[in-house]
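Down below is the structure, laid out as structure tokens.
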Amino acid sequence: MKFVSIVIPVYNESSNIGSLYERLSDAMGDRYAWEVLFVNDGSTDSTLGEIRRLQSHDGRVRLLSFTRNFGHQPAQYAGIMHARGEAVITMDGDMQDPPHLLPRFLEQWEKGFPLVYGRRKERRKDGFRKRITAKLYYWLLAKASRTDVHGQVGDFRLMDQKVVEHLRKMPSEAAYLRGIIAWTGFKHCFIEYERPSRASGKTKYSYSRMLHLALDGLMGFASLPLKLGLILGVGSIASGTGFLAYIIYDSLANEVMYPLYKWLIVVILMFMGLLFILLWILSEYICRIYRKQHSRPLYIIDETKSDKDH
Ligand code: UDP
Ligand code: MG
């Protein structure tokens, strides 16, 4: 029988844990051996007690507890590190990722997809602002990076063991899991679902946390911001040179006297351009240092499409 792990980061979700567990066990049934691994991210309510209560009568419930609140992404990563399953499913603890869909994820996994993503149909339940910012963000991320991070895809996903093994080797990438998982490039498919509102309690993602996550995504995966210095520099120097050529021509051919400040503007434009280009060179060096110290490999081999003994 295949073994499946379900990883659930929880932060003050005491009101959801009981019913989540019920629904999970109903959905999983007995087709698979499974474990549910709760990662208690420094909850201050009775979340820990609730999980312990479940553990007292079900040995499949496992618990990792952080010393304090470290955040959703590190909690997910910790769960992934400690999961023992041949497939690892990550989901939220507020029932926004409906447990009854789990058999459909597993079905796709059995069909040979190493990655199965839950994709929400429309963010109708979210506010207008969140919908617009999410659209804009994923558009920007897609434009600015070569990694295909899918919009409308959150942290509800199934990963085969082989994907998980790669993730385990890249702890420094834990800040933006959906990015690095997309980056691995494994064959994937989507399960479309209507995302309900959270069952109870309130969201743990403040605007500043969301901004942090968004920045982690952009900084980790987009190379366009890095090129900004180059673009501005070349633009500034080009326009400075253009102006300079024009006023030299105008003052020689038509004997127009240009006031000093106009010459100064030209000089400033060209110097600014030079500075921008120097900044760009600096940022390219910093980027290389950054790449060296994070653990992303150069490539990943698809075993299913390569020779057995490469
Ligand atoms: N969560 C966590 N640590 C945090 C914030 C959130 O473990 O610092 C958990 C939370 O308990 C939930 C999941 O991450 O299970 C998603 O959080 P939430 O539902 O608040 O986010 P939203 O759905 O509003 O984006
Ligand atoms: Mg939620």
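Please go through segment 36-80 and pick out each residue that is near ligand 1 (Cβ under 9 Å from one of its atoms) and of a type in the set (F, W, Y).
F66, F70
Suppose we keep only residues that are in contact with a strand residue (DSSP E or B) (Cβ under 8 Å, 6 or more places away or on another chain) and either of a type outside the set (F, W, Y) or open to solvent by less than 50 Å² (accessible area, probe 1.4 Å) (or both) within segment 187-198. Which one would you say is farthest from ligand 1 (Cβ to nearest atom)?
K187
Among the residues of segment 149-171, which ones are within 22 Å of M219 (Cβ to Cβ) and out of contact with any strand residue (DSSP E or B) (no Cβ under 8 Å at 6 or more places or on another chain)?
V149, G151, H166, K169, M170, P171
Looking only at residues in segment 74-97 that are open to solvent by 10 Å² or more (accessible area, probe 1.4 Å) and in contact with a Pro (Cβ under 9 Å, 6 or more places away or on another chain), which one is nearest to S19 (Cα to Cα)?
M95
Scan segment 109-155 for residues that are assigned to a strand (DSSP E or B) and open to solvent by less than 60 Å² (accessible area, probe 1.4 Å) and jot them down.
Those that are assigned to a strand (DSSP E or B) and open to solvent by less than 60 Å² (accessible area, probe 1.4 Å): L115, V116, Y117, G118, R120, S145, V153, G154, D155.
Take the residues of segment 32-46 that are within 26 Å of the chain's Cα centre (by Cα) and β-branched (V, I, T): which is farthest from G18 (Cα to Cα)?
V39
Filter segment 179-210 down to the residues that are basic (K, R) and within 27 Å of N69 (Cβ to Cβ), then identify the one that is nearest to ligand 2 (Cβ to nearest atom).
Residue satisfying both the conditions and the ranking: R198.
Would you mention how many residues in segment 1-28 are free of Cβ contacts under 8 Å to residues at least 60 places away in the same chain and not polar (S, T, N, Q)?
Qualifying residue count, segment 1-28: 4.
Return the residues of segment 141-177 that are under 24 Å from D94 (Cβ atoms) and modelled with pLDDT of 90 or more; say none if nothing qualifies.
Within segment 141-177, D155, F156, R157, L158, M159, V164, L167, L177 meet the criteria.
Between a residue in segment 40-52 that is closer than 9 Å to Y11 by Cβ and any residue that is away from ligand 2 (no atom under 16 Å from the Cβ) and assigned to a helix (DSSP H, G or I), which pairs come within a Cβ distance under 8 Å, given they are 6 or more apart or on different chains?
If the second residue must be away from ligand 2 (no atom under 16 Å from the Cβ) and assigned to a helix (DSSP H, G or I), the pairs left are N40/L48; N40/I51; D41/P74.
Can you pull out the helices (runs of 4 or more DSSP H) entirely within segment 199-310 that have at least 1 residues that are open to solvent by 100 Å² or more (accessible area, probe 1.4 Å) and touching a Gly at 6+ places or on another chain (Cβ under 9 Å)? Explain how you work it out, then say what you get.
Details: elements: 207-221, 224-253, 260-293.
Passing ranges, in order: 207-221, 260-293.
Looking at I180 and the list (1) modelled with pLDDT of 85 or more; (2) outside any strand (DSSP E or B); (3) aliphatic (A, V, I, L, M); (4) farther than 19 Å from F221 by Cα, which single condition is not satisfied?
(4)
If you go through segment 27-42, how many residues are open to solvent by 10 Å² or more (accessible area, probe 1.4 Å) and more than 18 Å from M1 (Cα to Cα)?
Residues that pass the stated criteria total 1.
The values are calculated or read from the model by the stated rules, or taken from the named source; none is laboratory data. Treat the numbers as computed from the prediction; the structure is a model and nothing was measured. Cβ sites come from the backbone with ideal geometry, for glycine too, and all protein chains shown count toward neighbours. The accessibility values were calculated without ligands, DNA or RNA, using every heavy atom of the protein model including side chains. Shrake-Rupley method; radii C 1.70, N 1.55, O 1.52, S 1.80 Å.
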